[in-house]
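A.B. asks: Sharing a structure below in structure tokens format, with a few things to ask.
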Amino acid sequence: MRSRAAGTDHSRQLARVRRVEGQVRGIAQMIEQGRYCVDILTQLQAARAALASIERAVLEDHANACVAAASTAGDTAAQAEKLAELTALLKRAMR
């Protein structure tokens, strides 16, 4: 497990993930109850959008804290590593 940069606090994202978790449980109940497909799909789309929003927030935190810390530390190896991580994350996010 990699360490996180000082100053990164994911408590807001964690709270949002827990809300999505409840939303997904609700979707499972809808499926179990045989609810209308359009209603299920609407909730699935909402959960996916919520997760995408959380992903963007964590990515922004990573860029603003972890990558920024490496760039100001003066360690060129750490800078290259963090930029490579950020590039890989952006490539995966754009798929």
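A.B. asks: Please work out the C-alpha center-to-center distance from region 33-64 to region 66-95 and express it in whole Å.
C.D. replies: Taking the Cα centre of region 66-95 as reference, the centre of region 33-64 is 26 Å away.
A.B. asks: For the chain, what is the mean residue ellipticity at 222 nm derived from helices alone (per DSSP H run of n ≥ 4: -39500 (n - 2.57); sum divided by total residues; nearest 500 deg cm²/dmol)?
C.D. replies: -25000 deg cm²/dmol
A.B. asks: Out of [x] 44, 27, 27; [y] 58, 27, 20; [z] 52, 33, 20, which label holds the value of Cα extents along the principal axes in Å that was computed here?
C.D. replies: [y]
A.B. asks: Could you give each residue of region 80-92 its phi-based ³J(HN,Hα) in whole Hz, using Karplus coefficients 6.51, -1.76, 1.60 with θ = phi - 60°, and x for Gly or Pro?
C.D. replies: In residue order, the calculated couplings are 4, 5, 5, 5, 5, 4, 4, 4, 5, 4, 5, 4, 5 Hz.
A.B. asks: Any chance you could give the angle, 0 to 90 degrees and rounded to 10, that helix 37-61 forms with the longest Cα principal axis of the chain?
C.D. replies: 10
A.B. asks: Another question, then. Specify the angular offset, from 0 to 90 degrees and rounded to the nearest 10, of the alpha carbon long axis of helix 11-32 from the longest principal axis of the alpha carbons in the chain.
C.D. replies: Roughly 30 degrees between the two axes.
A.B. asks: Work out the charge dipole of region 11-93 with +1 on the Cβ of Lys and Arg and -1 on the Cβ of Asp and Glu about the Cα centre, then indicate which of Ala52, Thr76, Thr87 is farthest towards its positive end.
C.D. replies: Ala52
A.B. asks: Using the Cα centre of region 11-93 as the reference point, and only Cβ charges (+1 on K/R, -1 on D/E), how large is the resulting charge dipole? Debye, rounded to the nearest 20.
C.D. replies: It comes to approximately 280 debye.
Every number in this text was worked out from the coordinates using simple rules, so none of it is lab data. Treat the numbers as computed from the prediction; the structure is a model and nothing was measured. Don't worry about glycine lacking a Cβ; one is built from the backbone with ideal geometry, like all the others, and counts go over all protein chains shown.
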